[in-house]
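Down below is the structure, laid out as structure tokens.
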Amino acid sequence: MNTSKEWFRSWFASPYYFKLYKHRNNDEAALFITKLITLLRIKETDLILDAACGKGRHSIHLNSLGFDVTGIDLSEPSIAIAKKDENKTLRFHVHDIRNNFKNNHFDHILNLFTSFGYFADPNDNLKCLLAFKNGIKQNGNIIIDFMNAKKAINHMVEKDEKTIDGTHFKIEKRIESGFIKKKISFIDNNENMEFEESVQALMIDDFERLFNSAGLKIKNIFGDYELNHFDEIKSDRLIFHTKKI
């Protein structure tokens, strides 16, 4: 595994990552969690893993509703922030989701907000799913919340600019070798700074092949955070509810 070329290691550790995405919709996240609780019939005794949890906003909300939650993420700065909210039923760990974490332990594993498909080696996608499968109990649920790549490509804004807390970000998007790439540039202390996000443009057929290889079966496919039916042209999200075969 060549970690030197993994864009997310440096970008997710940057304070500018947190600044650029500070306005993420927490109300939308809370609505999604409420819908998932109903769909999955999550009980207070269930154990939940938030895989690639970032700063833990989903984990913290779930825990505030009375659930036992563990959050894992590769970003040490994100986990350091999340740990400020730890308690007896909410814990966070620095961990790479490509690797196993507590085998056959969780009732529900959630991978939310397009925290998948980041890897230059497509085989790493399968490693993630196998790790999720190994971590879930036999009758447990795995949720993969991904962007609808087809709509994202069809409606792509190639160039955009925004100023947040005094930092002027220039954002350029492109399609390259099956990845949606976003270049983020700005000036910091008179120094030109540049980061890049790169997410594989996985379509529904790609996921179906991955799930089949990982030994997972699809129970439901949704197209938004209200869990409406997926439409490849109109839906903003591509959300899978899967279980072990």
| message | As an exercise: evaluate Ser177 against (1) open to solvent by 10 Å² or more (accessible area, probe 1.4 Å); (2) hydroxyl-bearing (Ser, Thr, Tyr); (3) within 16 Å of the chain's Cα centre (by Cα) and give the number of the one condition it does not meet. | response | (3)
| message | Exactly one condition in (1) in a strand (DSSP E or B); (2) within 29 Å of Tyr17 (Cα to Cα) is false for Lys217; which is it? | response | (2)
| query | Of all residues in region 120-148 being among the polar types (S, T, N, Q) and open to solvent by less than 20 Å² (accessible area, probe 1.4 Å), which is farthest from Ile239 (Cα to Cα)? | reply | Asn125
| note | Within region 191-222, restricting to residues that are touching a His at 6+ places or on another chain (Cβ under 9 Å) and surrounded by fewer than 20 Cβ atoms within 10 Å (Cβ to Cβ), the one that is nearest to Asn125 (Cα to Cα) is Ile218
| query | Which of the residues spanning region 121-150 are within 21 Å of Phe106 (Cα to Cα) and part of a helix (DSSP H, G or I)? | reply | Asn125, Leu126, Lys127, Cys128, Leu129, Leu130, Ala131, Phe132, Lys133, Asn134, Gly135
| Which pairs do you get when a residue that is closer than 17 Å to Glu191 by Cα, found in region 163-177, comes within reach of a residue that is open to solvent by less than 80 Å² (accessible area, probe 1.4 Å) and hydroxyl-bearing (Ser, Thr, Tyr), reach meaning Cβ atoms under 6 angstrom, with the pair 6+ apart or on two chains? | Lys170/Ser185
| task | Please list, ordered by first then second residue, the pairs with beta carbon atoms under 8 Å, 6 or more apart or interchain, first in region 232-245 and in contact (Cβ under 8 Å) with a residue 24 or more places away in the chain, second assigned to a strand (DSSP E or B) and among the small types (Gly, Ala, Ser). | result | Lys243/Gly140; Lys244/Gly140
| Among the listed residues Ile184, Ile153, which satisfies the condition of being modelled with pLDDT of 95 or more, farther than 25 Å from Asn99 by Cβ and part of a strand (DSSP E or B)? | Ile184
| Quick check, is Thr167 surrounded by 15 or more Cβ atoms within 10 Å (Cβ to Cβ), β-branched (Val, Ile, Thr) and either farther than 26 Å from Lys217 by Cβ or touching a Phe, Trp or Tyr at 6+ places or on another chain (Cβ under 8 Å) (or both)? | yes
| The one condition in (1) within 29 Å of Thr167 (Cα to Cα); (2) without any contact (Cβ under 8 Å) to a residue 40 or more places away in the chain that Leu90 fails to fulfil | (1)
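The values are calculated or read from the model by the stated rules, or taken from the named source; none is laboratory data. All values derive from a computational prediction rather than experimental measurement. Here Cβ is always computed from backbone atoms with ideal geometry, including for glycine, and neighbour counts include all displayed protein chains. The accessibility values were calculated without ligands, DNA or RNA, using every heavy atom of the protein model including side chains. Shrake-Rupley method; radii C 1.70, N 1.55, O 1.52, S 1.80 Å.
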